[in-house]
Amino acid sequence: MGMVGGGKDAFIGAVHRIAANMDGLIELAAGALSINPEIAKESGKMLFLPEDRTYLTYEEMIKKESELPADKRIDFVTIVTPNFAHFAPAMMALDHGFHVVIEKPITFTLEEAKQLKQKVEETGLILALTHTYSGYPMVKQARAMVQGGELGKIRKVWVEYPQGWLSKLSEREGNAQAAWRTDPKKSGKSGCMGDIGTHAAHLAEYITGNKITHLCADLNVMVAGRALDDDGNVLLKFDNGASGVLMASQVAAGEENALKIRVYGEKGGLEWQQHEPNTLLVKWLEAPTQILRAGAGYTDRLSSYATHNCRTPGGHPEGYLEAFGNIYRNFALTLGARIDGTQPTKEMLDFPTVEDGIRGMAFIDNVVASSTSDVKWTAYQA
């Protein structure tokens, strides 16, 4: 792969590299790692990239790599820049025949996301979106149980994502992550909902298989002087008639990354939380609560989607990095199958795509529109 962004001082770039390297399927072969030439060069050396494949711009990387022989050039480009710098390198990569992995949210605007979808369809190339939390084995188990009808028709969804790291005006105290995430020119029209609310919405749609059709949103700026929302609450309606509640906040002082979802159907419910990701609670209407645990050996109890994404025997903890790695692994296996002329399995194809990116951008647009409107319910436009 060739990486755009993710130089030595970038948090998410290191996460992507660890995730991509976890299964030995992907090699970092080139990079345009920073808009700062010195940082780009230093980062390339730190990552043992050859000097001639340590590029100073993504344009240079994509152009020069495309001119290399097929067995020498990179196979795909992974984009780990801030939101505003996703679209251009993704479009250029696709135009030059490279597959793409991209951080969420997929683009800066919904219109850009639609253009990216059109380009993916035109080229026939693969695009993966790193909605990390869909990579957890027990999230995949929850989805399989819902899709298998074990809970009956879904009626209610509660999903929450509280963080506390923006409880102060950190963007003015030298925190680089806070600075760009709270800047409308770099992050987009929403802060908290764009950053973590999209994760919560994606998780709700991924597990249930149902799409949000209407919402009623209330976004707030709790820290004086902040330019974008840092807190919000959203009522949801889904296309199967289910109702939902979504809460996201980055001013929940003391919280870390407390993502949690509960899904209830006619026969029972499911509960999963990131703080205990190997555990899925299954709450039956007419039976005791069942505790399911992740483990590669539990093939007689877990779905193929769950066990395909488990890496260790039962009891060994698998967390954020492994979930991230599962997205890269499934993308790489799908890409490898295409290169080999074989058919990827349904488990390999289970990773977020450009369609999920469009849903995420539509979520941002709709919650902002609803929050500023006097109308109670906003019809979901995607």
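Checking Q163 against (1) closer than 26 Å to N309 by Cβ; (2) out of contact with any Asp or Glu (no Cβ under 7 Å at 6 or more places or on another chain): exactly one of these is not met. Which one?
In the conditions (1) closer than 26 Å to N309 by Cβ; (2) out of contact with any Asp or Glu (no Cβ under 7 Å at 6 or more places or on another chain), Q163 misses (2) alone.
Quickly run through the range 1-42 and pick out the residues that are free of Cβ contacts under 8 Å to residues at least 24 places away in the same chain and within 14 Å of R329 (Cβ to Cβ). Even if it seems obvious, please write down each step before you answer.
Kept after step one, since they are free of Cβ contacts under 8 Å to residues at least 24 places away in the same chain, are these residues of the range 1-42: 14, 21, 24, 35, 37-38, 41.
Those that are free of Cβ contacts under 8 Å to residues at least 24 places away in the same chain and within 14 Å of R329 (Cβ to Cβ): N21, G24.
Going through the range 43-74 one residue at a time, which ones are without any contact (Cβ under 8 Å) to a residue 24 or more places away in the chain, part of a loop (DSSP other than H, G, I, E, B) and not aromatic (F, W, Y)?
Of all residues in the range 43-74, those without any contact (Cβ under 8 Å) to a residue 24 or more places away in the chain come to 44-45, 48-52, 64, 67-73.
Those still in the list that are part of a loop (DSSP other than H, G, I, E, B) too: 48-50, 67-73.
Answer for the range 43-74, where residues must be without any contact (Cβ under 8 Å) to a residue 24 or more places away in the chain, part of a loop (DSSP other than H, G, I, E, B) and not aromatic (F, W, Y): L49, P50, E67, L68, P69, A70, D71, K72, R73.
Which residue out of G24, G13, G2 is on the phi > 0 side of the Ramachandran plot and out of contact with any Lys or Arg (no Cβ under 6 Å at 6 or more places or on another chain)?
Values: G13 fails: on the phi > 0 side of the Ramachandran plot; G2 fails: on the phi > 0 side of the Ramachandran plot.
G24 is the lone residue from the list that is on the phi > 0 side of the Ramachandran plot and out of contact with any Lys or Arg (no Cβ under 6 Å at 6 or more places or on another chain).
For the range 157-183, enumerate the residues that are among the aliphatic types (A, V, I, L, M) and crowded, with 19+ Cβ neighbours inside 10 Å. Give the steps one after another, and end with the answer.
Residues of the range 157-183 that are among the aliphatic types (A, V, I, L, M), as a first pass: 157, 159, 166, 169, 176, 178-179.
Result: V157, V159, L166, A178.
Being more than 25 Å from G336 (Cα to Cα) and under 21 Å from the mean Cα position of the chain (by Cα), is that true of even one residue in the range 115-136? Lay out the reasoning, then the answer.
First pass over the range 115-136, keeping only residues more than 25 Å from G336 (Cα to Cα): 115.
Pick out the ones that are also under 21 Å from the mean Cα position of the chain (by Cα) and you get 115.
There is at least one residue in the range 115-136 that is more than 25 Å from G336 (Cα to Cα) and under 21 Å from the mean Cα position of the chain (by Cα).
Here are some residues: E318, E347. Which one is surrounded by 14 or more Cβ atoms within 10 Å (Cβ to Cβ), out of contact with any His (no Cβ under 9 Å at 6 or more places or on another chain) and outside any helix (DSSP H, G or I)?
Working: E347 fails: out of contact with any His (no Cβ under 9 Å at 6 or more places or on another chain).
Answer to the selection: E318.
Can you tell me how many residues within the range 37-74 are aliphatic (A, V, I, L, M) and either surrounded by fewer than 18 Cβ atoms within 10 Å (Cβ to Cβ) or modelled with pLDDT under 95 (or both)? Steps first, answer last, please.
Here is the first cut: in the range 37-74, the residues aliphatic (A, V, I, L, M) are 39-40, 46-47, 49, 56, 61-62, 68, 70, 74.
With either surrounded by fewer than 18 Cβ atoms within 10 Å (Cβ to Cβ) or modelled with pLDDT under 95 (or both) added as a condition, the list becomes 39, 46, 56, 68, 70.
Selection size over the range 37-74: 5.
Regarding the range 284-305, can at least one residue be identified that is out of contact with any Gly (no Cβ under 9 Å at 6 or more places or on another chain), under 12 Å from G135 (Cα atoms) and either at pLDDT 95 or above or in a loop (DSSP other than H, G, I, E, B) (or both)?
Among the residues of the range 284-305, at least one is out of contact with any Gly (no Cβ under 9 Å at 6 or more places or on another chain), under 12 Å from G135 (Cα atoms) and either at pLDDT 95 or above or in a loop (DSSP other than H, G, I, E, B) (or both), which makes the answer yes.
Examine the range 44-57 for a residue that is under 30 Å from A179 (Cα atoms), in contact with a His (Cβ under 8 Å, 6 or more places away or on another chain) and assigned by TED's automatic domain parsing to the domain that holds K117, and state whether such a residue exists.
No; the residues of the range 44-57 include none that is under 30 Å from A179 (Cα atoms), in contact with a His (Cβ under 8 Å, 6 or more places away or on another chain) and assigned by TED's automatic domain parsing to the domain that holds K117.
Can you confirm whether G135 is at positive phi and crowded, with 17+ Cβ neighbours inside 10 Å? Give the steps one after another, and end with the answer.
Numbers: at positive phi: no; crowded, with 17+ Cβ neighbours inside 10 Å: yes.
No; evaluated as a whole, the condition is false for this residue.
Among the residues of the range 8-22 satisfying the criterion of being at pLDDT below 95 and part of a loop (DSSP other than H, G, I, E, B), which is surrounded by the fewest Cβ atoms within 10 Å (Cβ to Cβ)?
D9
Any residue at all in the range 108-116 that is charged (D, E, K, R) and in contact with a Leu (Cβ under 7 Å, 6 or more places away or on another chain)? Show your work before the answer.
Taking the range 108-116 as the starting set, the residues that turn out to be charged (D, E, K, R) are 111-112, 114.
Restricting the remaining residues to those that are in contact with a Leu (Cβ under 7 Å, 6 or more places away or on another chain) gives none.
No, because not a single residue in the range 108-116 is charged (D, E, K, R) and in contact with a Leu (Cβ under 7 Å, 6 or more places away or on another chain).
Being out of contact with any Phe, Trp or Tyr (no Cβ under 6 Å at 6 or more places or on another chain) and within 14 Å of A369 (Cα to Cα) is the filter here; which residues of the range 213-227 pass it? Break it down stepwise before answering.
Initially, the range 213-227 is screened for residues out of contact with any Phe, Trp or Tyr (no Cβ under 6 Å at 6 or more places or on another chain), giving 215, 217-227.
L215, A217, D218, L219, N220, listed by residue number.
On the given criteria, is G225 crowded, with 17+ Cβ neighbours inside 10 Å, farther than 19 Å from T378 by Cα and more than 19 Å from the chain's Cα centre (by Cα)? Steps first, answer last, please.
Numbers: crowded, with 17+ Cβ neighbours inside 10 Å: no; farther than 19 Å from T378 by Cα: yes; more than 19 Å from the chain's Cα centre (by Cα): yes.
It is false that G225 is crowded, with 17+ Cβ neighbours inside 10 Å, farther than 19 Å from T378 by Cα and more than 19 Å from the chain's Cα centre (by Cα).
Restricting attention to the range 75-125, which residues are free of Cβ contacts under 8 Å to residues at least 12 places away in the same chain and within 22 Å of I26 (Cβ to Cβ)?
G124
I'd like to check something: does the range 92-100 contain any residue that is assigned by TED's automatic domain parsing to the domain that holds A252, closer than 30 Å to F238 by Cβ and among the hydrophobic types (A, V, I, L, M, F, W, C)?
From the range 92-100, those assigned by TED's automatic domain parsing to the domain that holds A252 are none; that's our starting set.
Within the range 92-100, not a single residue is assigned by TED's automatic domain parsing to the domain that holds A252, closer than 30 Å to F238 by Cβ and among the hydrophobic types (A, V, I, L, M, F, W, C).
The values are calculated or read from the model by the stated rules, or taken from the named source; none is laboratory data. Keep in mind that this is a model prediction, so the values were computed, not measured. Cβ: placed from backbone, ideal geometry, glycine included. Neighbour counts: every protein chain shown.
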